[in-house]
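What follows is a single structure, written as structure tokens, with notes after it.
The values are calculated or read from the model by the stated rules, or taken from the named source; none is laboratory data. As the structure is a computational prediction, the values presented were derived from the model and not from experiment. Cβ: placed from backbone, ideal geometry, glycine included. Neighbour counts: every protein chain shown.
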Amino acid sequence: MKNYMNLELLAISENESFARSAVAAFALTLNPSLSELSDIKTAVSEAVTNCIVHAYKSNKNPENKILLSCQTHEVDGVGELHIQVSDYGCGIENVSEAMQPFFTTLSPSERAGMGFTIMQAFSSEFLVESEKGKGTTVKMIKRISEGGKSEENA
Ligand SMILES: Nc1ncnc2c1ncn2[C@@H]1O[C@H](COP(=O)(O)OP(=O)(O)OP(=O)(O)O)[C@@H](O)[C@H]1O
Ligand SMILES: [Mg+2]
């Protein structure tokens, strides 16, 4: 591991843009391209939004917190950003069903059911761990490609 950052945030919508900007700023030491940075921001935004709109939706727990944990690594000369977003909310009964494109437990007029699909598409590796009533953790790894960088900066 080269560097790490741990953030604890209240699960309120005001913190969604802060969380995505904080992770993007942290990722800058890996020298990502603009498109990689945009992928990271979008994925974090979807993960944090899920904590806010799903995890604590019907929860009386006053401690509605999100733990955001990031690390930079270098694996075989390739920079990696590891992101973990955890909540202690309602959890997900069936994770593989929840990960299907267009699956949503809220009204389809409200939500598209595309959050997990977007996170997966924008990450190099993606994993969801959840326990009903205990909470959910989303783990993402974004590899930062040297090729993409030089192309974009050319
Ligand atoms: N952190 C979480 N806690 C509890 N349930 C969750 C959590 N994240 C996702 N879910 C469940 O998984 C479903 C799918 O999530 P996904 O992000 O793919 O779609 P969505 O949030 O419903 O819609 P969209 O993200 O497009 O607005 C959600 O509808 C919800 O039931
Ligand atoms: Mg979502």
Checklist (1) free of Cβ contacts under 8 Å to residues at least 24 places away in the same chain; (2) at negative phi; (3) loosely packed, with under 15 Cβ neighbours inside 10 Å applied to residue 76, failing item: (2)
Test result for residue 29, loosely packed, with under 15 Cβ neighbours inside 10 Å, among the β-branched types (Val, Ile, Thr) and assigned to a helix (DSSP H, G or I): yes
Considering residues of segment 28-39 that are closer than 18 Å to residue 82 by Cβ and within 16 Å of the chain's Cα centre (by Cα) only, the residue nearest to ligand 1 (Cβ to nearest atom): 39
When residues of segment 18-27 are limited to those that are away from ligand 1 (no atom under 16 Å from the Cβ) and either closer than 16 Å to residue 115 by Cα or in contact (Cβ under 8 Å) with a residue 40 or more places away in the chain (or both), the one nearest to the chain's Cα centre (by Cα): 23
Selected residue (criterion: nearest to ligand 2 (Cβ to nearest atom)) from residues of segment 79-130 that are aromatic (Phe, Trp, Tyr) and within 16 Å of the chain's Cα centre (by Cα): 116
Residue in segment 83-94 that is at pLDDT 95 or above, surrounded by fewer than 16 Cβ atoms within 10 Å (Cβ to Cβ) and out of contact with any strand residue (DSSP E or B) (no Cβ under 8 Å at 6 or more places or on another chain) present: yes
Number of the condition not met by residue 139 [criteria: (1) under 22 Å from residue 10 (Cα atoms); (2) within 12 Å of ligand 1 (Cβ to nearest atom)]: (2)
All positions within segment 40-64 that are under 15 Å from the mean Cα position of the chain (by Cα) and more than 16 Å from ligand 2 (Cβ to nearest atom): 40
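Quick check: anything in segment 114-122 more than 8 Å from ligand 1 (Cβ to nearest atom) and without any contact (Cβ under 8 Å) to a residue 12 or more places away in the chain? Steps first, please.
At the first step, the residues of segment 114-122 found to be more than 8 Å from ligand 1 (Cβ to nearest atom) are 120-122.
Checking which are without any contact (Cβ under 8 Å) to a residue 12 or more places away in the chain leaves us with 121.
Looking through segment 114-122, at least one residue is more than 8 Å from ligand 1 (Cβ to nearest atom) and without any contact (Cβ under 8 Å) to a residue 12 or more places away in the chain.
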First in segment 28-49 and under 12 Å from residue 138 (Cα atoms) and in contact (Cβ under 8 Å) with a residue 40 or more places away in the chain, second anywhere and more than 12 Å from ligand 2 (Cβ to nearest atom) and of a type in the set (S, T, N, Q), Cβ under 6 Å, 6 or more apart: 43/123
